[in-house]
Amino acid sequence: MELNPVFIQFLEDAVGASCAGAAVEALSLPASVSVRANPFKMQAGELAGHFGNVDGSVPWCPDGMFLGERPQFTLDPLLHAGAYYVQDSSAMFPGHVFRQALHEIMDRRAGTDVIRVLDLCAAPGGKTTDLAASLRTVCGDRFILVANEIMKQRAAVLSDNAGIWGDPSVIVTSADPSAFASLGGFFDIILADVPCSGEGMFRKDQEAVAQWSADNVMMCQARQRRIIADVWPSLAEDGLLVYSTCTFNRYENDENVAWIAANLGADILEADAPYDGLLRTGHGVALVPGMARGEGQYCALLRKTSDSGNVTGGMRKSFGKNDPRSWKRAGREISARLSDMFCCRMEFLEKEGRIVAVPEASVQYLPALECLHPLMRGVAAGQLKGRDFVPDADLALSIALKKASFPEAGLDLRKALAFLHRDPLVLDNAEKGYVAVTYEGLPLGFVKNLGNRCNSLHPQHRRIRMDI
């Protein structure tokens, strides 16, 4: 790998000549492979047994583990079931700093409060799923996580990954950061893994190496400042910002953190980093290849000191019946019919026959978020076609669905891959009607069993396209 000499100069300036030398050497080696378990579907120990080639745990992530080699993830039904997420170990570190921020917020909030979090630059969903697991572990149902991605195509991928992960308290939006300014003081915590010059992608993407330049670094620095300034009004006073990049230079990292503190009003906090190989910089923590396993990351933590006002009052208004963007509360008959399917108390919203289920604790905040035109809210439960209820694929994957809500049919690996490939499927001895198909006890989706054949409800855009 031929590296730009100016990149090496920037790297030495950020982490010192010795660490920079180790990083340059490491960048010529193969990338590591790591995954993170979904603790609400499969514990880390169970997942380790599934892979069998685990090469240690990720120190800063309780559900993360390294694999000795990269398997063919596409042909693993447990990935499609949302049992785990494939994520670089360095990219798991912002989740660690987020947990530090979450515990600080919880220490000064009443136990009944709903914690409101924004994952600002969220696609494809690695950090969103990490945050969702941490929030549910600490807060139960009393949180709302807005995952935003401005690029529409990437936002669609984010919605898919959030749906597969299955947490009902995640809302996906695709808005410019400036759109959040109207939500003055709404969020307790914002994680901003801002677009950067991508130095942490060098081992995985040769194009990132070719496109790197000092000019691009400076352009990214300016863009990052604009993004944070645009979203800053939506962070509550005393709220916490987790600032993150997958790059190493000080211009996009420490200099931007100092700029945020000086120009927007914040105190820089010390991010918790008691692990070997992590480097403390002027204002944050750097994970550099050759020093820490992974592709590289920078993370810092700030507490907002300025007041942006507050819009959290008066949010208990009902959904406007005449607003075509809003969802109306579903009628009693629908609610009664569906409520027994869920492990937690849900509110049911309906629009043009489509029904979504939203945790009761967070539904009051949805009207305030309608200005962001959410792509996904709660659990896509299904559709009413006459008096028939057709379940949505995301309902099967939701961690909120009670296990006995639908008849189940366990599939072996061959049949599970056939279902995910949308090949013809016959279920022997299964009930007729809508059946949840499972693999190793985890739902993959629904079919309508007609006896001699099945109609698949697996979405076309999620099907395995490779030859199996």
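Only one residue of ILE228, PHE389, VAL24 has its Cα farthest out toward the positive end of the dipole of the chain, where Lys and Arg carry +1 and Asp and Glu -1 on Cβ, and that residue is PHE389.
Listed cross-link partners LYS328/LYS448; LYS41/LYS432; LYS304/LYS351; LYS351/LYS402; LYS152/LYS328; LYS152/LYS403 are compared with a 30 Å cut-off, the Cα-Cα value being larger for LYS304/LYS351; LYS152/LYS403. The charge dipole of region 74-162, taken about its Cα centre with unit charges on the Cβ atoms of Lys, Arg (+1), Asp and Glu (-1) only, comes to about 220 debye. The charge dipole of region 10-82, taken about the Cα centre with unit charges on the Cβ atoms of Lys, Arg (+1) and Asp, Glu (-1), comes to about 280 debye, rounded to the nearest 20. Simple point charges give the picture: +1 on the Cβ of Lys and Arg, -1 on the Cβ of Asp and Glu, and for the chain a dipole about the Cα centre of about 1980 debye.
When the Cα positions of ALA101, LEU301, SER178 are compared along the charge dipole of the chain, SER178 comes out farthest toward the positive end, with charges on each C-beta of Lys, Arg, Asp and Glu. Shown for the chain: the carbon plus sulfur share of the solvent-accessible area, taken with all protein chains present and a 1.4 angstrom probe, equals 49%.
Counting only protein heavy atoms and a 1.4 Å probe, the chain has 41 square angstrom of accessible area per residue.
Counting DSSP beta bridges in the chain, what percent are antiparallel, to the nearest 5? About 70 percent, rounded to the nearest 5.
The values are calculated or read from the model by the stated rules, or taken from the named source; none is laboratory data. The structure presented is a predicted model; accordingly, all values stated were derived computationally and were not measured. Don't worry about glycine lacking a Cβ; one is built from the backbone with ideal geometry, like all the others, and counts go over all protein chains shown. Note: accessible area is taken over every heavy atom of the protein model, side chains too, but ligands, DNA and RNA are not part of it. Shrake-Rupley method; radii C 1.70, N 1.55, O 1.52, S 1.80 Å.
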